[in-house]
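Enquirer: Okay, handing you the structure first.
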Amino acid sequence: MARKYFGTDGIRGLTNTRPMTAEMAMRIGMAAGAHFRRGDHRHRVVIGKDTRLSGYMLENAMVAGFTSVGMDVVLVGPMPTPAVAMLTQSMRADLGVMISASHNPFFDNGIKLFGPDGYKLSDEAELAIEALIESEIELSAPGDIGRAKRIEDARGRYIHFAKSTFPSDMRLDGVKLVLDCANGAAYNVAPSALWELGAEVVAIGVSPNGKNINDRVGSTAPQTLSETVVASGAQIGIALDGDADRLIVVDEQGKVIDGDQLMATIAAGWARAGRLKGGGLVATVMSNLGLERHLSAQGLGLVRTAVGDRHVLEKMRSSGYNVGGEQSGHIILSDYATTGDGLVAALQVLAEIKRAGAPASEVLHRFDPLPQLLKNVRFSGGKPLDDPRVRDVVAGVEAELAGRGRLVLRPSGTEPVIRVMAEGDDARHVEAVVDRICDAVRQVAA
């Protein structure tokens, strides 16, 4: 069954435009509360948010929805997405909610839901909630309406958790780092955690005003971080996104290090320590072929999934891997977390640098990525990739790349766009085959 509201990572959209209205947020709260209202115990939901202006509106609306169906609400304020997942599990809550649109601009917002185990909801649960959104929901009797409570020590709980993932025999004394929190959810907790571990922290993107989240800062805009690292003489730069489930690193020379290199670094360290599970890691079809070749040379494997950290996590859980993620910086370390956690991943990267006693540029540059090119082609309707003319061109390109590269074609899940990605040993050939496929799609979509 097709989904109406839920996408690949919760419900997301332009604020004050359906489905990101206060009315819909209340309905989502009512529906999710009704779905998870099982048994005769007092039911509880944990709600966190990032720093968007609209977070106040959506938070209050969801409180109204949840309490109207008899769920007690615990409000934790601005907190990273992984913190909400962790608190949901540790507080024995029935449900967790993160109000965030991740790396999107401030005018977007979203709602992510977590089950009592701290994992994102299954397709079946999301479809059940969608059905309830548009149905009559039984409200609680006046005496059974839920209560809302704001807890003040949520930040401390998450900081303690994050620090516990760093080796107990190690400190960050003598490490000068620049931390970019994207004016987002981690603006308070991430600098505190790193400072408590001994680092000298130069913090940027830590002055949220409701509208500047991800605005020329954060993991999707690392230029300011790169410049600050070089100007301040820091040894490394760490960039999180708006809800802090994504990590990008900058070395001491200001060079950006993506998720592929970071996963390779963590996997290598864990393999040496005998704690890497599954014999490799899980990544998506977008991860560079250079990562796959590098892992193979180390005797490690790479399992690929569809794009989206949800697909990565599903494969990790089903096949017993404990390291996985995306080139964009979503890194899931399932020994510690049920979802991507930028701060926890950064601490593992810092631990590897400390162990090596070498500059970040040496430790984190694990392989030379193959030339990779991604282009988007808009179309007005239909399914261009099913057209025989496009399929013939694709077949020819795949034959040319066999053994020397990869081709990935996928329709966008949010807009009428075909994403065409190719990589190979020859940059000019990669560009030529991508253009050939784009031209073919444009011709049949015209």
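Enquirer: I want to verify the translational diffusion coefficient of the chain in µm²/s; compute it with Stokes-Einstein, Rh as the Kirkwood radius over Cα pairs, at 37 °C and 0.692 mPa s.
Expert: Reported coefficient: 144 µm²/s.
Enquirer: Could you point to the residue in Met263, Ser207, Ile238 farthest towards the positive end of region 187-285's charge dipole, with +1 and -1 charges on the Cβ of Lys/Arg and Asp/Glu respectively?
Expert: Selected residue: Met263.
Enquirer: First select every other residue whose beta carbon is under 9 angstrom from the beta carbon of Arg310; then total the charges, Lys and Arg +1, Asp and Glu -1.
Expert: Every neighbour counted, the sum reads -2.
Enquirer: Compute the Rg/Rh shape ratio of region 270-310: radius of gyration over Kirkwood radius, all on alpha-carbon atoms.
Expert: 0.99
Enquirer: Just want the answer: with Cβ charges of +1 for Lys and Arg and -1 for Asp and Glu, which residue in Ser226, Val397, Ile353 is farthest toward the dipole's positive end in the chain?
Expert: Farthest towards the positive pole: Ile353.
Enquirer: Let me ask another. As a test of the formula, what do you get for the chain when each DSSP H run with n ≥ 4 contributes -39,500 (n - 2.57) and the sum is divided by the residue count, at 222 nm and rounded to the nearest 500 deg cm²/dmol?
Expert: Taken over the chain, the calculation gives -11500 deg cm²/dmol.
Enquirer: I would also like to ask the following. Using 18 Å as the cut-off for backbone N distance, which residues of region 393-409 belong to the label zone defined by a point 7 Å from the Cα of Ala432 along Cα→Cβ?
Expert: Only 393-407 fall inside the zone, counting backbone N under 18 Å.
Enquirer: Compute and list, largest first, the equivalent-ellipsoid semi-axes of region 216-292 from the alpha carbon gyration tensor, each √(5λ) rounded to a whole angstrom.
Expert: Value: 26, 15, 11 Å, ordered largest first.
Enquirer: Can you tell me the dipole magnitude for region 21-156 around its Cα centre, using point charges on the Cβ only (Lys, Arg +1; Asp, Glu -1), in Debye to the nearest 20?
Expert: The calculated dipole for region 21-156 is roughly 520 debye.
Enquirer: Run the numbers on region 95-162 and let me know its relative contact order in percent, using alpha-carbon pairs under 8 Å that are six or more apart.
Expert: Once normalised by length, the contact order is 19 percent.
Enquirer: Leaving out ligands, DNA and RNA, and with a 1.4 Å probe, what % of the accessible surface on region 223-333 is carbon or sulfur?
Expert: 49
Enquirer: Can you give the net charge of the other residues whose Cβ lies under 13 Å from the Cβ of Gly340, counting K and R as +1 and D and E as -1?
Expert: -3
Enquirer: Starting from the Cα of Leu14, step 7 Å along the direction of its Cβ; do the same at Asp392; then give the gap between the two resulting points in nm.
Expert: Distance between label points: 4.1 nm.
Enquirer: Do the alpha carbons of any pairs in Lys163/Lys277; Lys112/Lys149; Lys149/Lys277; Lys120/Lys255 sit beyond 30 Å of each other, and which pairs?
Expert: Table pairs above 30 Å Cα-Cα are Lys149/Lys277; Lys120/Lys255.
Enquirer: Also: Can you tell me the relative contact order of the chain? Whole percent, Cα pairs under 8 Å, sequence separation 6 or more.
Expert: About 12 percent, as a whole number.
Enquirer: Within region 207-228, name every residue whose backbone N is under 16 Å away from a label modeled 7 Å from Cα of Lys176 along the Cβ vector.
Expert: 226-228, by backbone N distance to the label point.
Enquirer: Still on this model: Would you please state the base-10 log of I(q)/I(0) at q = 0.13 1/Å for region 236-353, with intensities from the Debye formula using one equal scatterer on every alpha carbon?
Expert: -0.42
Enquirer: Let's see if you can work this out: charge +1 on each Lys and Arg Cβ, -1 on each Asp and Glu Cβ, no other charges. What is the dipole magnitude of the chain about its Cα centre, in debye to the nearest 20?
Expert: Dipole of the chain, to the nearest 20 debye: 360 debye.
Enquirer: Sticking with this structure for a sec: Which three extents, in angstrom, do the Cα atoms of region 11-77 have along their principal axes, listed largest first?
Expert: Projected onto its principal axes, the Cα set of region 11-77 covers 37, 22, 16 Å.
Enquirer: Hey, another quick one. Considering the convex hull of the alpha carbon atoms of region 326-446, report its projected area averaged over all viewing directions, in nm², one decimal.
Expert: For region 326-446, the mean projected area of the Cα convex hull comes to 10.0 nm².
Enquirer: Okay, moving on. Leaving out ligands, DNA and RNA but keeping every protein chain, what accessible area does Glu124 have, in Å² rounded to the nearest 10, with a 1.4 Å probe?
Expert: 130
Enquirer: When only alpha-carbon atoms count, how far does region 92-223 stretch along each of its three principal axes, as whole angstroms with the largest first?
Expert: For region 92-223, the Cα spread along each principal axis is 59, 34, 29 Å.
Enquirer: Now a separate question. So in the chain, what percent of DSSP beta bridges are antiparallel if you round to the nearest 5?
Expert: 50
Enquirer: Which order do the peptides 34-45, 69-80, 430-441 come out in when sorted by mean C-beta neighbours inside 10 angstrom, highest first?
Expert: Descending mean neighbour count gives 69-80, 430-441, 34-45.
Enquirer: Based on the Cα atoms of region 162-249, what semi-axes does the equivalent ellipsoid have, where each is the square root of 5 times one gyration tensor eigenvalue, given in whole Å with the largest first?
Expert: 21, 15, 10
Enquirer: Now for a different question. Taking the inverse of the average 1/r across all pairs of different Cα atoms in region 202-247, what Kirkwood radius in Å do you get?
Expert: Over region 202-247, the inverse of the mean reciprocal pair distance is 11.0 Å.
Enquirer: Could you give the nm distance between label points at Leu374 and Arg42, where each point is 7 Å from its Cα heading toward the beta carbon?
Expert: About 4.6 nm separates the two model spin labels.
Enquirer: Another question, then. At 7 Å along the Cα-to-beta-carbon direction for both Asp439 and Ala402, put a label point, then send me their distance in nm to one decimal.
Expert: About 2.3 nm, to one decimal.
Enquirer: Keeping every protein chain present and rolling a 1.4 Å probe, give me the accessible area per residue for region 3-45 in Å².
Expert: 50
Enquirer: For a quick check of understanding: with a 1.4 angstrom probe and all protein chains in place, what accessible area in square angstrom does Ser380 have, to the nearest ten?
Expert: 110
Enquirer: Ranked from the most accessible area to the least, with a 1.4 Å probe and all protein chains present, what is the order of Thr8, Thr228, Thr17?
Expert: The ordering from most to least exposed comes out as Thr8, Thr17, Thr228.
Enquirer: May I pose another question? Within the accessible area of region 68-108, what % is carbon and sulfur when the probe is 1.4 Å and the other protein chains stay in place?
Expert: Carbon and sulfur: 58 percent of the exposed surface of region 68-108.
Enquirer: Now for a separate question. For Trp270, Trp195, write out the residues from largest to smallest accessible area, computed with a 1.4 angstrom probe and no ligands counted.
Expert: Per-residue accessible area, sorted high to low, gives Trp195, Trp270.
Enquirer: Here's another thing I want to ask about it. Tell me the accessible surface of Ser207 in square angstrom (1.4 angstrom probe, heavy atoms of protein chains only), to the nearest ten.
Expert: Rounded to the nearest 10, the figure is 80 Å².
Enquirer: What does the charge count around Val323 come to, taking other residues whose C-beta lies under 11 Å from its C-beta (Lys +1, Arg +1, Asp -1, Glu -1)?
Expert: Residues close to Val323 contribute a combined charge of +1.
Enquirer: Run through region 305-365 and list the GluC sites (Glu not before Pro) located in a DSSP loop whose Cβ has at most 14 other Cβ atoms within 10 Å.
Expert: Those that pass, being in a loop and sparsely packed, number zero.
Enquirer: Which log10 I(q)/I(0) values, to two decimals, does region 29-167 give at q = 0.13, 0.16, 0.17 Å⁻¹ under the Debye formula with one point per Cα?
Expert: -0.53, -0.81, -0.91
The values are calculated or read from the model by the stated rules, or taken from the named source; none is laboratory data. It should be emphasised that the depicted structure is a prediction, and the values quoted were computed from it without experimental measurement. Cβ coordinates were reconstructed from backbone atoms using ideal geometry, including for glycine residues, and neighbour counts include every protein chain displayed. Surface accessibility is based on the protein's heavy atoms, side chains included, excluding ligands, DNA and RNA. Shrake-Rupley method; radii C 1.70, N 1.55, O 1.52, S 1.80 Å.
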